[in-house]
Every structure is written in C-alpha cells, then in structure tokens.
Amino acid sequence: MRRILAILISLFSICTVWAQGAQTVLKGKVVDASDGYPLIGVSVIVSGTNHGVITDVDGLYELKVNGEQSEIVFSYIGYEDVVKLYTQKNAGSFSRIVMSANAEQLDDVVVTGVYERKKESFTGASATFKTDQLKAVGTSNVLQSLKTLDPSFKMMESSQFGSNPNVMPDIEIRGKTSVAGMKEEYGTDPNQPLFILDGFETTLETIMNLNMNRVASVTILKDAASTAIYGSKASNGVVVIETKAPARGRLQLSYKGDFGLSLADLSDYNLMNAREKLEFETLAGVYKDNTGDPFAQMRLDDLRNERLKEIERGVDTYWLSEPIRPGFTHKHNIYAEGGEDKIRYGIGLSIGNVGGVMKDSDRRTLEGNVDLIYRTGKFQFSNKLSLNWLDVTNPTVSFAEYAYANPYYRKYNADGKVDRYLYYPEDGVDDYPVANPLWNAHLNNWDKATGFGFTNNFIFEWFVTKELRLRAKFGLTKQDDDEQTRLSPLHTQFDDMGETEKGLYTNTQINELVYEGDVAVTFGKLIAKKHMVNAVGGFNFSNNHRQIYGYSATGFTDDQFDAPSFANGYPVGDSPDYSESLKRAASFYINGGYAYAERYLIDFNYRLDGASMFGTGNRFRNTWSVGTGWNIHKEPFMQNSDFFSLLKLRGSVGNPGNQNFSAYQAFSTYKFNGWMTNVFGTGVILNALGNADLAWQETTNYDVGADLTFWGERINMTLDYYWKYTDPLLAVISTPGSMGVTTVAMNAGAQKTRGWEAALRVSPVYRPSEGIIWNVTVNATSSKSAYANIGNSFAALNESGKSSLVGTTRYYDGGSPTAIWAVRSAGIDPATGKELFIKKDGTYSFTYDVNDEVVVGDTQPKVEGLIGTSLYFKGLSVGCFLRYRWGGQVFNSSLFQKVENIGTQEVYNNQDKRALYDRWSETNRDAYFKGISLVQRTEKSSRFVMDDNSLVGESFNIGYEFPDRIARRMRLGAMNVQLTMTDVFRATSVRVERGIDYPFARSVTMSLGITF
Amino acid sequence: MRKVFTYIAFVALMMLCSCDAWLDVKPYDKISEDELLSSESGYMKLLNGIYIELNSDMLYGAALSVEMVEIMGGAYVIGTDNSVWGNYADLAAYKYGTDYWRARINETWNKAYALILNCNLLLENIDKTTVRFSGDNLKVIKGEALALRAMLHFDLLRLFGPVYAHNPEAPAIPYYKRYSVTPNEILTASQVAAEITRDLNEARILLANDPVRTSGTMASAPADGSSTFMYYRNLRMNYFAVTALLARSGLYFGDKESAFKYAREVIQAGDEGIFPFVDRNLVTGSPDDPDRIFSSEVIFALSHSQRNKLFKNYYDPSRIPNYVFRMDNDLMSNLVFGGGAMTGGNQDDYRYRVNWVATGANRYFYKYSDMVDSGNIKNTMIPMIRLGEMYLIAAESCSENIGAGVAYVNRLRANRGVGNLQSLTEDILRYEYIREMYGEGQMFYMYKRMFAPVLFSSLSSKNPVPSDAVFVLPLPSSETDN
C-alpha cells in the first residue's frame, strides 16, 4: 500500500515538474507540532494555482516554484492551514514546516464533548485544566483536584462520612438548583452536574475511580452558552473529561505511581477525659436515685466509687484511637503507546489501593484500557476499551460508637481479652448494658462490595472535506456490582433475639447496562478571511437500564463460619427486593457559531430532548442558548498595543434543564395487593401516583463575563457575574391525605440565584523561556439564592422542621435555601439560668415560641475561594493553595446536642468537654450555657449559630522534573517526582465535631512519573 | 454532498418519528397504567383490588367495622388497665387528640382517600378508554366504582362531618371526583351529601341491568369454571347495594321520602327472594354451625380471606388475659336482650342465641367466628349493608311519626324469632339497631344521626352526653396544614 502510494506520489511529482518547468525547488519536511512526527499526504499548493504536491511517507515534499514571490499553502485535514510566503531568499525556512492539529492545543481550545472551539472565539463561561495542573494540587482523584482549582466547583464536605473513600461526595457547580426532598425520595442527587468522559455521559463513581494519570484534560462548563448543547441535563453544569490519546512514535512505556499516607484528623473532637466525664455524670445526677430507695442509692454510690477507683488507677481510655490507622495508598499506572500516523495504540493498566484512615476501610481498583486509533485517508476510527474491577470494604462499627464510649471503661479485661460489655447491670437492676465497640469490631462482621465494569467507546470520523466532518459515536457500558454485609450472631445487636434469629447477611446486586449513540456533522470554515462559521448538528440517544436484586438471611449460629448457606432462613415476612429502572433519552441538537474577523462572536445552541422520565404531556423539551462575545484586543484600535493579549467580553443566556430524577415519576404505576385474593381472583391498586403534567425543571441562566490577559501574559483574569432563575422547581411535596397520596412530585415555585466568580492569576516573575515562573492566584466566588412563588407548598416541610430538634431549614418566599432559621436568643439570664429569647417584635421572653423564628444566619458564605501560589524554577515546582471561607454561619450541632440537650440516654455517651465547663450555676452566673440538666430541652436558638470563617491548607506540593540529561543518563525518557500534602491544617472560627461516622483525614502523597 | 444531506435529513426524520414510541418506557417491576388498563381484565383487577383493599385493618377489616368506630359506638366494655387495653380507654372517652388516635384516624383517612383515588383513576380511564368490554361490563365496572367512591366519602362524612341534622352547612370533608395533583377544597356537609347522592344515583342507573335483579346474588362459582366476574353479586356493590346505600344516606341527610322509597325497593327485592330472610334451620337447627351473619340477607359484604382474624383479634374469649371486646352485661341482659316491651329485648332472639355465647360469667360475641364448614364463602363475609337495616330505615322513614313504622320492625322481628312490638319509639328502634347491626360499625353513625347518647352501659350516667366533641372527629393535620 505504502509503496504504491510512494510511486503515485513520485509520478505525480514528475508530472508537475514537466508541466511547469523548474526554477526553484522548495524541499522540506512537514511535521506535527505536538510530537514532531512526519505528516503524510499533506497538500502543498502554490496559492492561486492548482499547482502542488503532497508529502510522501516520510513527510517530505519537493515543490517547484516559479517567479519571485508566491504564497505556499500547506493543508491537511484536521490541521490548521499553514500559509507561508516564499520570497526566493527564505527557501531555507521551508525545510521544516510544523502543522498543528485543529484542536491540538488544549490551552486554547474548549472541549465540550460535542464540539471543540477555540477559547478565543467561545462565548461561554468555562475553565479547562490539564493533567499537570490537576496532579499538582492533589493526587486522589480528578474531582478532588478540580475543587482546588476552580471555586465554582464545590465538593460538599460531609460531616457524617468524613473522608470515607467509599462514599461518593455531593457535587455542585454554581450552587443548588433543586429543593430538598428529591435525594431522600429518589436517591439521585438533583444538583449533581453532568459528567462526560471521552464524549460519553458517565457516572460520578466512574470519575472518582478513574486513575488521574489517564486524564488529559478536564473542562468545566458553567453557563448556558457552554452547557446548552447538553440540553435538559445541563442545568447543574457539565464536567468534560478527556483521557489521553496514544501518542505517535516508537513504542513508549511510561509509569506513574502515587504513594500516600493519610492520618485521621481528630482535632475537631473535644471529648471529655475520664475524670471530667465522671464529674459531669455526677453533676447531671446520674448517681442520684430519685425513687428514695436507700438500696438503690447505695448501688449508685458503689457504681460511682468503682468508677472513681478505676480513674485513680489511671484508667483514661482514649477510644478514638482504636478504629483508626494510618491509611496507606498506592496507585500505579503503566501505559504503553506508540504507532505511526495511520495506526496508534495505547495499552494501560492502573492499580489503585486506597486505604482509609479507619481499619477495614479499603478501596481497591484495577483498570485496564486499550486505546486504538486508525486513520486512513479521510476516515478515522478510534476505540477506547476499558475494563475495571472494584473491591471495597467498609468498617462495620461506625466511628461514632467509639466516640460514645466512656473513657473510664477499660478496653480489655484482666486477661487482656475484649469483653462483650463495658458495663453490664446486675440482675434486677433497671439499667441498660453498654456494649463494647471493640467486641463488635473484633467479630467476623463484614461489609464489602465488588464490581466489574466494561466500557467500550467507539468513534468514527469522516473528514468529508476540510470544512465538513461527520462523526458517529457509540458507547456501551456494563457495570455489575455485588454488595454484601454480614453481622455475626455474636453481635450485641442480636442480644435480645432467639438463638436461631441471630446474625444477618444481606446481598444486593446491581446490574447496569448503558448505551449511548451519537451522530453529528461538524462544519467549520473561514469565509473571505473574515467570517468564521462553525456549525454542529447531531442526534443523540441513550438507554440506561438498571436492575437491583437483594435479599437477606438470618439465623447464623457461629461467628467464624460465615457462608450464607449456613443461615437458618430468611427473615420472617421478608420478600426478595427487586427494582428496575429504564431511562431513555433521544435528542437532536444544533450549535452554530459565527465570528466576524475574530472580533464579534455569536453562538447559539438548540437542543430538542425527549426523555422517558417525563410524562406523555411533556415528553419533549427545548433548550436554547445564545452567547455573544467581543474580542476587544482584536480591534484595530488595539492592534498597536501589545499590552492586552486577551480582552474579551462575553454574555450568554439560555435555559438548560435538569433530568436527575427518578425514572417513572411521571407515570402512575400499580401493584398487586398480594396480601389477599378473593373469589374474583387477584387485584391491583395504585402503587405510585404519577404526574403526567410534570414540567421539566429548567433554569434560565444569564452570564456576563470578561477574560483578560495582559502585561505580557503576566496577569490573567476571568470575571463572571451570573443570574439563574429556576422555574419551575420540581419537588416532592407532602400533600393532604385526602388526595389519596401523602407525597407527590410536582412543580412548585421558583428559585433565584445571583452570584459572581473571579479568578486572578498574577505572575510577578514570568520568564517561560528560561523555565522560571512565579504565579500567585486568587479566586473567589459568592452567590445568593432565594425562593419565589412557593407559597404554602412546603408548609408541611416547614412544620416538621419547626417541630424537629435540629431542623433549621425553612421554605418561604424570599427566603434563602441555605438560611438558618431559629429564635433569637439574648443568652442565659445570670439570675435564673434560663435562656432569654427575643420575640419577633423585639421584646424579651423566657418562653420559647417557635413562631418567633427569624433568619439568624446563612450557611452560604459571603465569599469563598482559594489563594494559591506556585513557583516553577527550571524543573522544580512548588505550590501552595489555601481555601478561605468568610461570612457564613453554622448551626453548631455539637454544642446543641453534645453540650446542651444531653438527655437521660445521651448522658451515658461521652460528650464534648464544653458540656462540663461554662455551664450556668449559682457560682458561675455568666455562663454561656445553661445549667447541667438531663431533662431540660434546649430549643434551637441563635445562641448556637456561629460565624463560620475558615482557612484550610488544602494543598501543598513540591515537585521536580529531572532535566533531560540526567534522565538520559538513567536511560529514561523523562522522570519527575512530586510530594503533595492535602488538608494540612484547618483554622476555623467555630469548633464543630466533624466526621461523625468516619473521621476526616490529612494526607501526604509522593508521586513518581517515569517515561522509558 | 446533497445526497448525503438528504440522507441525513431522512434518517433524522425517521428517528424523530420512532422516538416517541422508543421513549415510551414501561416499567417491569411495577405495572404501568397504560399496560394495566389496556384490557377489560385490567379494569376488573383494579376494581377487585379496591374491594380487597377495603378489607384493610384501617378500614372495614377492623377500624370501621369491629374496632375503632364500634368502640366509639359504645359497643364494648373498655377496661382501664392500660397494659391490657392500651389506647382504647382514650377512644372510649372520645380523646381523639392523643398521638396514637390522631395517627390512627389519620391512617384511616389516608387509606379511604387512597381508595377513592383508585376509584377515580379507574373512572377517569374508563371514560376515555377504547377497550371493548363484553356485555354490560363497562357499565357495571363504572357503576360499582362510582358507588364505592360514594360509600367511602359517605363514611368519612359520617366520621368527620358535623352532626348533619344540626349543622348541614358546616364544613366537612373534600369530595374527590377526579384524580388531581392539587388538593380539593373542603365542602360543607350538604354539598358532600349532594355529591354522594349524585354518584349513587348515577351508579344506580349504570347498574340497571345488574344480573342481581333477575338472577339473585349467585353466591357460588359458575359450574363451567368460567369467569366469576358477574357472580357473587352480594360481594359487589350491586344494584340493590347502591339502592340500600341511597336509603341509608337519604335517612342520614334527612330525606326520609327517598330513604323510604329506596328501602322499600330493597325490601321488595328481599320479598322476591333475592335476599331471603335467613332460613331458621340454618340458625337454630345446627347450633354448631349456624349462619351467624345471616348471609342470605346481606346485600353487600366484603370478602376477607382471613375473616376469623376479626374474631380472634377482638372477640375470642380465649384471648384473656388480653383484652376481649364484649357488651356490658347489664346493658345486654337488662336492655338489649331483655327489658321486655320497654326495649323489645328477648333472649329467644336468634341474634342473641347464636351470636352471644357464654363463657364463665360473660357472654362473648361470635358473629365473626367461622362456621365449621371451612372454605365456605360465608366465612369470609364482612357485612357492609344488610336487609335488616332496610326494615329499620323503612320503619323510621315511612312517616313523620315513628310509631307508624312498627309493622316494619315487627316483620323483621318475626324473622328473628321474637314477637311483635306493640309500639315503636326511637329508643326501641335504637335497641333494634344494636341487636341487628352489632359488630358492623354502624351504631356510632346512628347515635350521631339521632344525636342520642351512646349506650355504653345500662346506667345512663356512664353514657356520654351527645356533643360535637363526641361525634365529630378532628380532620387530620395534613388536611388543615397544607
């Protein structure tokens, strides 16, 4: 094939020589900018004629040129044209022609997953990060790093689950657009952004598992102009991730490894020591008998003395250290790649072993991938196949149980063994036994999951002409997960059960099959050198089928032998679980962009979405967006000044929607009333009431922004102001029982959000040619939301919030979704020790009335963001990123529940030190907290609302890229090392217990990258 | 080039057309409405599902037949020992506001309206369906669903509405006539009454060709094993059940004229042998196996596959030391089944002889105890409306003067093995109600209708003075808050 081509080429060359008659012969080689690899078949034409040649298999060409001056055009499909003026004198400069692929330089290109656009001519608000940037700030996963790089991308810190590597975080871009109640009801997070991996929609978990070393770039699409191409799934923003494509060249092997250590951060725990706890219990009256029975009092005295004796013997157990361990993490990625212009291949293997900071908390991943790209003439086929395997274990005793254990108990008995109970009341004593968390932890309990997944993404591209491209994609993902838990029959949970009912085994299987196809036509042409026209149109369909099977078994008689087959039977009255959901979507989309002389830009998107989740009345939905931009730096009046290399104003408006809802909520479904049949046979009744008129939740999204780069690229700024109006909201609302259902999914009210984002990068030292750059970055984000037109729809939620112990969220028109509602407090009255409340009208009262609630704070900070600096000096790089939060408040639930509101049950758990100090008493009248009492209920008041300002050392890193000569001496292509520390310190204005079920972690990671 | 575009456009068009069908996803683990109601049998299953669900403990499986509403109707002696009687003492003292009873009342309310919603979904779909029904089935299904909807609303009105005779314009309950995702407003009692009457009348017209009118109740399976759908008419809301409900509701709404008219029509049907009086041999002939619910007289009953739970859970003397529901001894021996001409009570009464069995010093209620003949359809029946009530309604409504109705009561008594009354008073009529309908959840409504003291005891001091606090249940908070 190649030989024939060469002959043809030479024949062709000879012909042209004959035809023209030689004057000068231009000789040279055309290579690819990215890797210097020769490009075959590039057409080299003298402009304005049809005289030309094409390059041979080595990228070489010979072109004979007449005359003194002529313009030579090098063109190649998929690459930017190179136009060079030949002037007789510069023939030498034609020896090496470098061509860049259209979308090669990620810096300057916005990858939306559907189309690519030069950043300069894109009107949307987006941010793109390359693998180096991501890896510099963190090594755990892509999203963790994105959080540090872009303030609008938020990973919600989970006070409950801490740094549990097996719990998926809640993620938001530019805040929430949905009302509470949806996640609880349907298990899908309605605020989660859309994730696109290599052009295909994917799940949060896939992204979390993805080895960062495979990632080439990540783009966050924020506003309507950039997200509208994803239509009704896009209102929460889009995260587009591209994995690396194999590079051309001889076979190249690279290795990347991360070795990490994480340690639990228990500094937020402020628990009492043994002596303090006993004193607290004494003050709270635990050892005082109220029945007046002298024997009972004697027993309590004995009990107290026994504990006191233990304390005197030095017992002061620190339980929190028991379940934790240093978590070791190691991840490896090996990638072999190579090939030539026609065929390129890459084979990778990634292994990850993340050890959490709690014992038995592991996440092991194994991922293999094969990338193939075949290009012939006008066609390109690329295929990415990946197989992944996941193995997860979780601790079976939550961290909270250790935090509850009292410090005056010993961990081990005299024989050094673990007792079942820390305290077991004598016969006839009306008291509860206290289980030993170590007992349950040492049993043969487990909580584990395995998963196996297969993804194959195939893309076919046809470069019909230089301007026109047809692309067809098909992606298939199969994921099977198997979750199993087992509780030993010796677990204290089963103490009151019959011998044959103890122990519990549960099994859940989740099978998922997803396929997605897409056909698109892309057109891009510069007309008359001034009018740049881009257009994309396509059709997309997807099918997501998910099945969940589950069952449980009980009646294990032995701790050690744990096979499910040893179970005695199924729990009485338990039926197998089965649920299934099938979601389908089909869409047409079109995107067009026009730029006049690179100065005036206009973009539009339109998408027609159909989704099976929505009722027949509302099956299809339109999404549109319009964006405009003005490249001021391209204006003639700016051409004289080099000061601005980028000065762009842009604005966009559009209405992306949200589709993160359950599969069948628009339809009424029925079920068999299986508990009885009659002479007429079986019967069915309503299972769930659908709302066929449910309108898609949509968010009208306005964004104005500016991008500035000036002073020789030393200062780089991006500013955005946005305004989002979500109308209607889609919410699960509790209804009057007379409607026949107690909740219904419906459209109710609206939410308005305004916010701004700013990112500034200053380079006081900027000498890229020498490899010396010092950057200082500051970014900030702020937003404010309010409900509108919700009226009384959420009355029931408000009522239940009012009557609940800790609920401080309310739904009122004009109210912020993040506002904290509580009655204002004037503090503790020194004279009486009672809390003094401030009523709505400003008067003072000792009586608490829930109707005096007002907004006493907002958990949304006024401004938050990151301050960072990074220094590159030759191969050395040092970076430091601090997260700041300012102007928000928090309802301090630690104070509320672990200082006050300690009831007769909670007093037996270990508590916050502050529960003992600063309490009101006859001798300490100026205390902040009420007197110690087990029966007094403390109501939510502003006394527990505190300013939540914080500064967190989110990421520190130092790295070194070995110079070529050293690497070569070591017979390596390249080598770099890096040390990254995350969540190093945390300074906050408020002390709240975090990491209830799982502690937070600080970690340090050493990364190594070697190319052979 | 142009060809390519034409081709693409053509494919796109094809896809758009097929999209809608492709997007029409049917769940596999649930039954979708479209699929269910795409056939006649789907409608039949849905209708049957409603009948089955009426047997729920929150409705006529307990709360609205033998338990909650019957306690409120003073049927049982409720002890004071909480460890035995739990929350029942609160209910007997009409403390509807306790957490427990609020939750229970809420449950009943929600369940009743949930079934009303099922009726409405059925009705709304059947009105626009293109399914071809065989014979008269469409009319029958629609008629029964309409009548069930009316019946449920009627019972809710009798629980939560005002004392109708005193205050017909007071706000009562919402009346749901169609499925809606927005709440309906609360109507006044008279508005609800009008809706109930309208639904029942429409149902009656739809059921005009009900085979019960020509072939009787057909309370056995067809010999050829074909569909039972049009059999066992006494287990369905048949033409006469609707008529009887019209009589019952007419009387409740103070429309004695219609009450009498409809009651007479059912009595007529009884005379024609559709609902014959119970064969006295079945009652007295075989004492071990009596037909205690007088099944042939039942115009409409639910069929509960474990009906003996009603007996086991509430009336069975072997439940002791747990609570057992029974009538106050003095009330029984001095008034209900004693007391001579003053009350019409007599121990020869079949209703006494077969239903009240002595164990120790007390007599216990055996109406829901199974007949020996297990698997008998009669053993599954929970009577919802019976012929005896028609006689009592006729007696009360035949004239403004209650005394004029004595003949109807005597006709009934003759079939209960007791002699004629000389005269009829409201008091005697109430005793007759107790004798006839005990354990069927109707007594509370009777006292409420007549605004009479609920008879817990023979001592009038122990019986609550009639008041709204006794007779009007508070609406669930979900109703008033939202």
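The values are calculated or read from the model by the stated rules, or taken from the named source; none is laboratory data. Predicted model only: the values in this text are computed from it and were never measured. So basically every Cβ, Gly included, is an ideal-geometry build from the backbone, and we count neighbours across all protein chains shown.
Of all the listed residues (A:S625, A:S587), the sole one being of a type in the set (S, T, N, Q) and within 14 Å of another protein chain (Cβ to nearest Cβ) is A:S587. Taking the criterion of being assigned to a strand (DSSP E or B) and closer than 30 Å to A:Q697 by Cβ, the residues of region A:663-683 that qualify are A:T669, A:Y670, A:K671.
Among the residues of region B:294-328, those that are within 14 Å of another protein chain (Cβ to nearest Cβ), surrounded by 22 or more Cβ atoms within 10 Å (Cβ to Cβ) and either of a type in the set (D, E, K, R) or assigned to a loop (DSSP other than H, G, I, E, B) (or both) comprise B:H304, B:R307.
Look through region B:189-226, keep the residues that are of a type in the set (S, T, Y) and either in contact with a Phe, Trp or Tyr (Cβ under 9 Å, 6 or more places away or on another chain) or in a helix (DSSP H, G or I) (or both), and return whichever of them is nearest to B:Y262 (Cα to Cα). Walk me through how you get there before you give the answer.
Pass one, region B:189-226, residues of a type in the set (S, T, Y): B:190, B:197, B:214-215, B:217, B:220, B:226.
Going one step further and asking which of them are either in contact with a Phe, Trp or Tyr (Cβ under 9 Å, 6 or more places away or on another chain) or in a helix (DSSP H, G or I) (or both), we end up with B:190, B:197, B:214-215, B:217, B:220.
Numbers: B:S190: 20, B:T197: 12, B:T214: 18, B:S215: 20, B:T217: 18, B:S220: 27 Å.
If we take residues in region B:189-226 being of a type in the set (S, T, Y) and either in contact with a Phe, Trp or Tyr (Cβ under 9 Å, 6 or more places away or on another chain) or in a helix (DSSP H, G or I) (or both), then B:T197 is nearest to B:Y262 (Cα to Cα).
Checking each residue of region B:230-239 against the condition of being part of a loop (DSSP other than H, G, I, E, B), within 14 Å of chain A (Cβ to nearest Cβ), crowded, with 21+ Cβ neighbours inside 10 Å and of a type in the set (K, R) gives at least one match.
Against the definition (within 19 Å of the chain's Cα centre (by Cα), of a type in the set (D, E) and within 14 Å of chain A (Cβ to nearest Cβ)), how does B:E144 come out, yes or no?
Details: within 19 Å of the chain's Cα centre (by Cα): yes; of a type in the set (D, E): yes; within 14 Å of chain A (Cβ to nearest Cβ): yes.
Here the answer is yes, as B:E144 does meet what is asked.
The test for being out of contact with any helix residue (DSSP H, G or I) (no Cβ under 7 Å at 6 or more places or on another chain) and not polar (S, T, N, Q) does not hold for A:G28. Hey, does region B:47-58 have a residue that's touching a helix residue (DSSP H, G or I) at 6+ places or on another chain (Cβ under 8 Å), more than 14 Å from chain A (Cβ to nearest Cβ), at negative phi and not in a loop (DSSP other than H, G, I, E, B)? Within region B:47-58, none of the residues are touching a helix residue (DSSP H, G or I) at 6+ places or on another chain (Cβ under 8 Å), more than 14 Å from chain A (Cβ to nearest Cβ), at negative phi and not in a loop (DSSP other than H, G, I, E, B).
Entry remark, region A:688-711: residues being away from every other protein chain (no Cβ under 14 Å) and assigned to a strand (DSSP E or B) number 14 in total. One residue stands out in region A:280-306 among those that are of a type in the set (D, E, K, R) and loosely packed, with under 15 Cβ neighbours inside 10 Å: the one that is nearest to A:D983 (Cα to Cα), namely A:E306.
Please verify whether A:T450 is among the hydroxyl-bearing types (S, T, Y), within 14 Å of chain B (Cβ to nearest Cβ) and surrounded by fewer than 16 Cβ atoms within 10 Å (Cβ to Cβ), treating the condition exactly as stated. Show your work before the answer.
Values: among the hydroxyl-bearing types (S, T, Y): yes; within 14 Å of chain B (Cβ to nearest Cβ): no; surrounded by fewer than 16 Cβ atoms within 10 Å (Cβ to Cβ): yes.
No.
Could you tell me whether B:S180 is farther than 26 Å from B:F277 by Cβ and touching a residue at least 24 places away in the same chain (Cβ under 8 Å)? No. Of the set (1) more than 26 Å from A:G175 (Cα to Cα); (2) more than 7 Å from chain B (Cβ to nearest Cβ); (3) part of a strand (DSSP E or B), all apply to A:R650 but (1). Of the set (1) touching a residue at least 40 places away in the same chain (Cβ under 8 Å); (2) under 34 Å from the mean Cα position of the chain (by Cα); (3) surrounded by 18 or more Cβ atoms within 10 Å (Cβ to Cβ), all apply to A:G592 but (3). A:G36 satisfies every condition listed in (1) on the phi < 0 side of the Ramachandran plot; (2) at pLDDT below 85 except (1).
Does A:P571 satisfy the condition of being within 14 Å of chain B (Cβ to nearest Cβ), touching a strand residue (DSSP E or B) at 6+ places or on another chain (Cβ under 8 Å) and surrounded by fewer than 17 Cβ atoms within 10 Å (Cβ to Cβ)? No: the conditions fail for A:P571.
If I ask for residues that are out of contact with any strand residue (DSSP E or B) (no Cβ under 9 Å at 6 or more places or on another chain) and either surrounded by fewer than 17 Cβ atoms within 10 Å (Cβ to Cβ) or modelled with pLDDT under 85 (or both), which ones from region A:903-935 would you list?
Those that are out of contact with any strand residue (DSSP E or B) (no Cβ under 9 Å at 6 or more places or on another chain) and either surrounded by fewer than 17 Cβ atoms within 10 Å (Cβ to Cβ) or modelled with pLDDT under 85 (or both): A:G903, A:T904, A:Q905, A:E906, A:S921, A:E922, A:T923, A:N924, A:S933, A:L934, A:V935.
Among the numbered criteria (1) crowded, with 18+ Cβ neighbours inside 10 Å; (2) over 16 Å from B:E202 (Cβ atoms), which single criterion is violated by B:L122? Exception for B:L122: condition (2). Scanning region B:145-163 for residues that are outside any helix (DSSP H, G or I) and surrounded by fewer than 24 Cβ atoms within 10 Å (Cβ to Cβ) returns B:P162, B:V163.
Tell me, which residue of region A:236-265 that is assigned to a loop (DSSP other than H, G, I, E, B) and at pLDDT below 90 is surrounded by the fewest Cβ atoms within 10 Å (Cβ to Cβ)? Spell out how you get there, then give the answer.
If we filter region A:236-265 for residues that are assigned to a loop (DSSP other than H, G, I, E, B), which is where we start, we get A:236-237, A:244-248.
The next check asks that each one be at pLDDT below 90; those that pass are A:236, A:244-248.
Values: A:N236: 27, A:K244: 18, A:A245: 15, A:P246: 22, A:A247: 17, A:R248: 21.
Residue satisfying both the conditions and the ranking: A:A245.
A Cβ distance below 6 Å, combined with a sequence gap of six or more or placement on separate chains, defines the contacts here; from region A:664-687, residues that are more than 7 Å from every other protein chain (Cβ to nearest Cβ) reach residues that are among the small types (G, A, S) and part of a loop (DSSP other than H, G, I, E, B) in the pairs A:A666/A:G615; A:A666/A:G690; A:A666/A:A692. The residues listed here are B:F337, B:F311, B:F365; of these, the one that is over 20 Å from B:D289 (Cβ atoms), among the aromatic types (F, W, Y) and modelled with pLDDT of 90 or more is B:F337. In this structure, is B:S83 more than 7 Å from chain A (Cβ to nearest Cβ) and assigned to a helix (DSSP H, G or I)? Taking the combined requirement at face value, the residue satisfies it.
Closer than 25 Å to B:F325 by Cα, within 13 Å of chain A (Cβ to nearest Cβ), part of a helix (DSSP H, G or I) and modelled with pLDDT under 95: does that describe B:E124? Judged against the criteria, B:E124 is not a match. Of the residues in region B:218-231, none is closer than 14 Å to B:S296 by Cα, at pLDDT 95 or above and not basic (K, R). Go through region B:321-335 and give me each residue that's of a type outside the set (S, T, N, Q) and either out of contact with any helix residue (DSSP H, G or I) (no Cβ under 7 Å at 6 or more places or on another chain) or within 28 Å of B:N82 (Cα to Cα) (or both). Scanning region B:321-335 gives B:P321, B:Y323, B:V324, B:F325, B:R326, B:M327, B:D328, B:D330, B:L331, B:M332. Annotation note: Cβ proximity below 9 Å between a residue of region A:793-807 that is touching a residue at least 60 places away in the same chain (Cβ under 8 Å) and more than 10 Å from every other protein chain (Cβ to nearest Cβ) and a residue that is in a loop (DSSP other than H, G, I, E, B) and among the acidic types (D, E) (sequence gap 6+ or interchain) occurs for A:L805/A:E939.
Within region A:424-439, being touching a residue at least 60 places away in the same chain (Cβ under 8 Å) and on the phi > 0 side of the Ramachandran plot holds for no residue.
Take the conditions (1) of a type outside the set (S, T, Y); (2) more than 14 Å from chain A (Cβ to nearest Cβ); (3) in a helix (DSSP H, G or I); B:Q422 misses just one of them, which is (3).
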